[in-house]
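Chemist: Please read through the structure below; I'll follow up with questions.
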Amino acid sequence: MDKISIMNQSAGTRSSQRNTLSQIVPLLSMICILSDQGVPESKGDSHDRKIVLKEVYSGIELKRPIMIAIPPDESNRYFFVQQTGEVLILPNDREATEAETFLDLSNRNLAKNDFEEGLLNLSFHPSFKQNGKFYLYYSQQAPKRSVISEFRVSEANPNQANLSSERILMEIRQPFWNHNSGNMSFGPDNYLYIAVGDGGNANDPHNLAQNLFVFNGKILRIDVDGRSGSLAYGIPKDNPFYGREGIRHEIWCYGMRNPWGTHFDSKTGQLWCADVGQNLWEEIDIIQKGGNYGWNYREGNHRFDLRKQPPPEDSEFLDPIHEYPREDGKSITGGFVYRGNKIPWMQGLYLYGDWSSGTLWALKQKDGEKVANHIIHTRPKDSQFQPTAFSQDENGELFVFSWDGKTYEILDDQI
Ligand SMILES: [Ca+2]
């Protein structure tokens, strides 16, 4: 089961029941559940600590918000990306009641099924302040595909995109409507990392994630400022398969199913990737250059039985740092390694959640190995909270978006 079937189950439950902080706090204080009983706990740690969710921007009606992109220009503007195709500019005043439309792609036939299609990412060029460039990942129909494009801000108005400046970098075939992924980030090396799902349906029917001549089921790494041959971008020469025949040189790692939540740790530069599972296991990977993360031979730490052919004998699969079973959730939403200041005990922990169960966790690692994992938020019974994505502000403090359109700040429960 994955996001398709979950959507059908929950289609009637998306209405807007509001959950106030006062409803959430007492419930949280009663709940103290540790997961992963087999993981040793180190002394003096924060394994029983919890967070609370505080709704922000409640004065603005948002439709399917999936990220806040903050331009590196000290302008105090938050760009809310809505999967429906609009990007709204809000001030970093969380009580704000007015938004300005930066761009609107909603008339571009983005989605036949808007559950996983649509506008999925906005990433600002590291030199945005100087060049006004930014990048979008969005889906298109007939033929079904993902488009990664460069745009510029209007020269006349910094709060308006110039849509006619579009320069398409890449179009990726998407045989089905689901598993578009679309997480993009500029790494510490200023290259653009693009996560692409396996093409969709179920079981990866065309075995694309293990096929090194297609982009589906991969994380790609490109140089938006360069040009390689006739391509609209450059391929960094230190990409793992650079120069290898029969392999797309853009590939950074492979064997992904539907990465949802792909982020760099702002302190260490490590790339974390949550990969949505299919039948049994949700997983979190710490990405290594050239790594094969297993799908569709493996799901989490396990052989995926519906792939009948055995893998090639020389296959080396990288197992996730963490997996969890259906009892804990059915669709992982990846988050961030927390590097903010407001929640000292969460410093350096990786925060993530599950879309279907509404649970949030914090995972601790050392040298790439899990040392602890604990629940930091359990959805109250009367809540509609379903974490669709996380974002971080300019200070490393975290937001989480819910499927019902609400935006929350993540705060310590003891402030
Ligand atoms: Ca995997």
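Every number here is computed from the coordinates shown, using simple stated rules; none is lab data. For clarity, every value in this text was computed on a predicted model and none was experimentally measured. As a convention, Cβ positions derive from the backbone with ideal geometry for all residues, glycine included, and neighbour counts pool all protein chains shown.
Chemist: Could you tally the net charge around ASP413, taking each other residue with its Cβ under 10 Å from the Cβ of ASP413, Lys/Arg +1 and Asp/Glu -1?
Modeler: +1
Chemist: How long is the gain from ASP412 to ASN109 if the chain were fully straight, where each residue apart is worth 0.36 nm and the alpha carbon distance is subtracted?
Modeler: 104.9 nm
Chemist: OK, next. With the crude spin-label approximation of a point 7 Å out along Cα→Cβ, what separation in nm comes out for GLN141 versus SER75?
Modeler: 3.3 nm
Chemist: With an 8 Å cut-off on Cα pairs and a minimum separation of 6 or more residues, tell me the relative contact order of the chain in percent.
Modeler: Once normalised by length, the contact order is 16 percent.
Chemist: Semi-axes, largest first, in whole Å: what does sqrt of 5 times each Cα gyration tensor eigenvalue give for segment 263-415?
Modeler: For segment 263-415, the semi-axes come out at 28, 19, 12 Å.
Chemist: Relative contact order for segment 282-337: what percent, with Cα pairs under 8 Å and sequence separation of 6 or more?
Modeler: For segment 282-337, the relative contact order is 49 percent.
Chemist: Now for a separate question. Short version: ³J(HN,Hα) in whole Hz for each residue of segment 338-355, in order, from phi by Karplus 6.51 cos²θ - 1.76 cosθ + 1.60 (θ = phi - 60°), x for Gly and Pro, what are they?
Modeler: Result, ordered by residue: 6, 10, x, 10, 6, 10, x, 5, 8, 3, x, 8, 8, 9, 8, x, 10, 4 Hz.
Chemist: Between SER230 and HIS302, what FRET efficiency comes out of the Förster formula 1/(1 + (r/R0)^6) with R0 = 41 Å and r the beta carbon distance, rounded to 0.05?
Modeler: 0.45
Chemist: How much FRET efficiency would the formula 1/(1 + (r/R0)^6) give for GLU100 and GLN309, where r is the Cβ-Cβ distance and R0 is 51 Å, rounded to 0.05?
Modeler: Once the sixth-power term is evaluated, E becomes 0.45.
Chemist: Give, in nm to one decimal, the length gained when the segment between ASP189 and GLU327 is fully stretched (0.36 nm per residue of separation minus the Cα-Cα distance).
Modeler: Using 0.36 nm per residue and subtracting the Cα-Cα distance, I get 45.8 nm.
Chemist: May I ask you to evaluate 6.51 cos²θ - 1.76 cosθ + 1.60, the Karplus curve with θ = phi - 60°, for each residue of segment 228-236 and list the ³J(HN,Hα) values in order in whole Hz, giving x for glycine and proline?
Modeler: Working through the residues one at a time gives 10, x, 8, 6, 8, 8, x, 10, x Hz.
Chemist: Moving on. I need the shape label for segment 231-278. Rule: rounded when a/c is under 1.5, else prolate if a/b > b/c, else oblate, with a, b, c from the alpha carbon gyration tensor.
Modeler: The shape class here is oblate.
Chemist: On to the next question. Between LEU119, GLN160, TRP345, whose Cα lies farthest towards the positive end of the dipole of the chain when Lys and Arg beta carbons carry +1 and Asp and Glu beta carbons carry -1, centred on the Cα centre?
Modeler: About the Cα centre, the residue reaching furthest to the positive side is LEU119.
Chemist: Taking a label point 7 Å from the Cα of GLU245 along the Cα→Cβ vector, which residues of segment 201-229 have an amide N closer than 19 Å to it?
Modeler: Under cut-off, by backbone N: 212-214.
Chemist: Given a cut-off of 28 Å, name the pairs among LYS50/LYS129; LYS267/LYS381; LYS54/LYS129; LYS63/LYS364; LYS50/LYS381 whose C-alpha atoms lie farther apart than that in the structure shown.
Modeler: LYS50/LYS129; LYS267/LYS381; LYS54/LYS129; LYS63/LYS364
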